[in-house]
Amino acid sequence: MPAERVSGIPFGLGFTKPHNYWEVVRTAWQNKRNPLFTWRILRDGVCDGCALGTTGMRDFTMKGIHLCTVRLNLLPLNTMGPLDTRILEDVKRLRSVSSRDLRALGRLPYPMLRRRGDPGFHRISWDEAFGIAARRIRTAPPDRIAFFITSRGMTNESYYVANKVARFLGTNHIDNSSRPCHSPSTTGLKDTIGVAASTCSYTDWIGSDLIVFFGSDVPNNQPVTTKYLYYAKKQGTKIAVVNPMREPGLERYWVPSVPDSALFGTRFADAFFPVHTGGDIAFIHGVLKHMIEKGWVRDTFVADHTTGFEALRESIEHEPWEELERQSGLRRQAMFDFAEMYARARTAVFVWSMGITHHRFGVDNVKAIVNLGLAGGIVGRAKCGLMPIRGHSGVQGGSEMGANPKDFGLGFPVNDQNAARFEGIWGFRPPTAHGMTAVGMVDAAHAGGLDVLYMAGGNFLETLPEPDYVREALARLPLRIHQDIVLTSAMLVDPAYAVLLFPAQTRYEQRGGGTQTSTERRVYFSPQIPGRRIGEARAEWEIFMQLGERVRPEAAHLIHFEDGAAIRAEIAKAVPTYDGIQDLRAKGDAFQYGGSRLCEGGIFPTPDGRARFTVVSLPDLDIPEGRFLLSTRRGKQFNSMIQEDVDPLLGARRRDVLIAREDAEALNLREGDEVQLSNELGSYRGRLRLAPIRPRNVQIYWPEGNVLIRRGIVDPACEMPDYNALVHIEPVPASGMRP
């Protein structure tokens, strides 16, 4: 049997793995009431799952069908019917319903209102809904109004209009869901190489000598990438993984769209480097230290295209190997091995995700990866690059469209000069003080510092640390506006004055279609899909616009758009990097801003045209005796939307506590034992499951694990929450076990 095959047993029978063909059958059954509408979405729409990007079922990376379980599992949100609004007349009985079951009740069909003291919601007209919201917004100082825009299904047009309306109302308090995802990547890349996006394309994976995954589990979150990896392996690509968990999907996978792999599986990773959670900087410094000692740094590239290397060299040379070993969790030989693997590669692509960014030092993690990439000269060349891989279809475009507190749009930070520029485009001057991030909004709400919080999608109760604190904050807001397609648990929090529900259309229902931006900076047009519509739901951008017009009717013409084409025309003027978006109007239309690679030839968009090495300090990662370093992971879910109880790649259940065998033995515990994890914040009860994880590290599933994650611990450069914690693990006596 060829070495790259996993097993001679067809279809991986007997292995723990996703059952992709069953997912197709189940999806067909779940969408049986609207088969033609479902088929049109798949055939013509741009995927609303991860940010790989498609047009219909094709992509720009390779020939063949592009279809994955992430997209299939999201389909019912787009095809389901309306919920029965009588269910909302008393929300008390809904509070015990899981978020998954709340979504399954159906789409929001009408505007709804709940006032303080009401048992539930009642239907109102759009005119009433806008009237209630407009009156409250008019009486509130602009710095007491905030907007949060999620990423699932959100189009660039909706992000842009939300940005413009927020500034029209006088506030820069607008943020999007890249905050708890890749804000450290955006900050770290911008500071070092002058761009805040992937420098390469997915086609660069195929034929690269080396692909390294730092804190990223693409088979779970972006499963179509396994097809890219299959063909990369066929061309001789080596794959290395730097991660506390030996992720089984990166070890081996059965790619359903490749017959040979679907039958016999494919081995992917050539080497695993199981660092401590947060031990990436120490590991990278060890690699760089060895490269410097061996003369493996690409000196010509460093001299011709970068600055700051000597300061980094001096800093690393003073770091003792013993400290690098302690913090990384690995012997120095592992760092030697990685350094040699990297030095032998003529080309390499570095890919990272939440395992890198979800730390109080997430920006430093990203800068350390950039340092390693620059030392090897892997920016601006074919089959090379730095890729912060995105997990949501709309998240790349969110900040680039200006839906963030520090930028009016890509390349235009909030300041007086850029405010004057946008005044020339918009006809009104936006405010110039930096706004609040999502984290700051919750803190302000808790302290009584906000009057209105407008949330388009998202659920802070599930995505931010300390859910009890978040619930208190939401309950103190005089007016909450939830714009969404389905019910969420956050909508059920009792109002201080009132809660409004605005029913939104999906991207496929949006009048005139819309666009999204993928991880590789490709902007796709997704056409309006003909088919049934839900009640009085409206396009997201139209709701933002119409509310703004209601608040300031005398200036309504300044924010009015006739259709999506008019929005795209203005985006091209406001954000010149997106020039070309105005020409997108039909299925298949797309362009890649910046071309296939950024920083081509080592020319960087910085003041001096050079990339910057950064001196990065080692974080203090001491794990006290008797405690474990906890991190959170994703299973069968999309963002915080849990889809199944069992993780198909690990076989673990949602309440399992993943621990190394030697740690379990040291605690005199066995697999299946009921345990309690606790710290100064709270406790979490689960069942022990042995896993291939670095000793002294444990993992539980997110968002359930947020009860142990302390709020207020953030990266100072971007306010990314730290989703890690130190915990004690104790057995639960048999009498306290769940049935």
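The values are calculated or read from the model by the stated rules, or taken from the named source; none is laboratory data. No experiment lies behind these values; they were computed from the predicted model shown. Positions of Cβ are generated from backbone atoms using ideal geometry, with glycine treated the same way; all protein chains shown enter the neighbour counts. Protein only, heavy atoms only, side chains kept; ligands, DNA and RNA dropped before computing areas. Shrake-Rupley method; radii C 1.70, N 1.55, O 1.52, S 1.80 Å.
Checking TYR497, TYR454, TYR508, TYR524 one by one, the residue that is in contact (Cβ under 8 Å) with a residue 40 or more places away in the chain, under 21 Å from ARG179 (Cα atoms) and among the aromatic types (Phe, Trp, Tyr) is TYR454 and no other.
If only one of GLY117, GLY170, GLY153 is part of a loop (DSSP other than H, G, I, E, B) and touching a Phe, Trp or Tyr at 6+ places or on another chain (Cβ under 9 Å), which one is it? Matching residue, one of GLY117, GLY170, GLY153: GLY153. Counting just the residues of region 263-298 that are in a helix (DSSP H, G or I), open to solvent by 10 Å² or more (accessible area, probe 1.4 Å) and among the aliphatic types (A, V, I, L, M), which one comes out modelled with the highest pLDDT? Among those that are in a helix (DSSP H, G or I), open to solvent by 10 Å² or more (accessible area, probe 1.4 Å) and among the aliphatic types (A, V, I, L, M), it is ILE292. Residues in region 541-550 that are touching a residue at least 24 places away in the same chain (Cβ under 8 Å) and open to solvent by 10 Å² or more (accessible area, probe 1.4 Å): GLU542, GLN546, ARG550.
Of everything in region 104-116 that is more than 11 Å from LEU500 (Cα to Cα) and in contact with a Pro (Cβ under 9 Å, 6 or more places away or on another chain), the residue that is surrounded by the fewest Cβ atoms within 10 Å (Cβ to Cβ) is ARG116. For region 26-55, filtered to residues that are assigned to a helix (DSSP H, G or I) and more than 17 Å from MET80 (Cα to Cα), the residue that is least open to solvent (accessible area, probe 1.4 Å) is ASP44. Among the residues of this structure, ARG480 counts as one that is in a strand (DSSP E or B) and either surrounded by fewer than 16 Cβ atoms within 10 Å (Cβ to Cβ) or among the basic types (Lys, Arg) (or both). Being in contact with a helix residue (DSSP H, G or I) (Cβ under 6 Å, 6 or more places away or on another chain) and aliphatic (A, V, I, L, M) is the filter; apply it to region 631-649 and report the residue that is most open to solvent (accessible area, probe 1.4 Å). Among those residues, the one meeting the criterion is ILE642.
Checking region 229-236 against the condition returns no match, with no residue being at pLDDT below 95, open to solvent by 20 Å² or more (accessible area, probe 1.4 Å) and either under 22 Å from PHE336 (Cα atoms) or assigned to a loop (DSSP other than H, G, I, E, B) (or both).
The residues listed here are GLY458, GLY449, GLY424; of these, the one that is modelled with pLDDT under 95, open to solvent by 20 Å² or more (accessible area, probe 1.4 Å) and out of contact with any Cys (no Cβ under 8 Å at 6 or more places or on another chain) is GLY458. Return the residue satisfying two criteria in turn: it lies in region 181-195 and is out of contact with any Lys or Arg (no Cβ under 8 Å at 6 or more places or on another chain) and in a loop (DSSP other than H, G, I, E, B), and of such residues it is farthest from GLY548 (Cα to Cα). So the residue we want is GLY194. Filtering region 56-66 for residues that are touching a Pro at 6+ places or on another chain (Cβ under 7 Å) and buried (at least 20 other Cβ atoms within 10 Å of the Cβ) leaves an empty set. Could you tell me whether any residue of region 295-316 is closer than 29 Å to THR632 by Cβ, touching a helix residue (DSSP H, G or I) at 6+ places or on another chain (Cβ under 9 Å), touching a residue at least 24 places away in the same chain (Cβ under 8 Å) and not aliphatic (A, V, I, L, M)? Among the residues of region 295-316, not one is closer than 29 Å to THR632 by Cβ, touching a helix residue (DSSP H, G or I) at 6+ places or on another chain (Cβ under 9 Å), touching a residue at least 24 places away in the same chain (Cβ under 8 Å) and not aliphatic (A, V, I, L, M), which makes the answer no. Does MET436 qualify as being in contact with a His (Cβ under 6 Å, 6 or more places away or on another chain), touching a residue at least 40 places away in the same chain (Cβ under 8 Å), open to solvent by 40 Å² or more (accessible area, probe 1.4 Å) and within 17 Å of PHE148 (Cα to Cα)? The answer is yes for MET436.
One residue stands out among those in region 682-700 that are among the charged types (D, E, K, R) and touching a residue at least 60 places away in the same chain (Cβ under 8 Å): the one that is least open to solvent (accessible area, probe 1.4 Å), which is ARG694.
Under the condition of being crowded, with 23+ Cβ neighbours inside 10 Å and of a type in the set (A, V, I, L, M), the residues counted in region 701-724 number 3.
Out of VAL442, VAL363, VAL349, VAL414, one residue alone is within 17 Å of the chain's Cα centre (by Cα) and either open to solvent by less than 10 Å² (accessible area, probe 1.4 Å) or among the hydrophobic types (A, V, I, L, M, F, W, C) (or both). It is VAL363. Applying the set (1) surrounded by fewer than 19 Cβ atoms within 10 Å (Cβ to Cβ); (2) farther than 30 Å from VAL486 by Cβ to ALA660 leaves exactly one unmet item: (1). Within region 677-716, the residues that satisfy the criterion of being assigned to a loop (DSSP other than H, G, I, E, B) and under 20 Å from VAL275 (Cβ atoms) are ALA691, PRO692, ARG694, PRO695, ARG696, TRP702, ASP715. Per the listing PHE544, PHE561, the residue uniquely aromatic (Phe, Trp, Tyr) and under 26 Å from the mean Cα position of the chain (by Cα) is PHE544.
Which is part of a loop (DSSP other than H, G, I, E, B), at pLDDT 95 or above and touching a Lys or Arg at 6+ places or on another chain (Cβ under 9 Å), of SER198, SER178, SER257? Being part of a loop (DSSP other than H, G, I, E, B), at pLDDT 95 or above and touching a Lys or Arg at 6+ places or on another chain (Cβ under 9 Å) holds for just one of SER198, SER178, SER257, which is SER198.
Could you go through region 536-551 and let me know if any residue there is closer than 17 Å to SER518 by Cα and among the basic types (Lys, Arg). No, region 536-551 contains no residue that is closer than 17 Å to SER518 by Cα and among the basic types (Lys, Arg).
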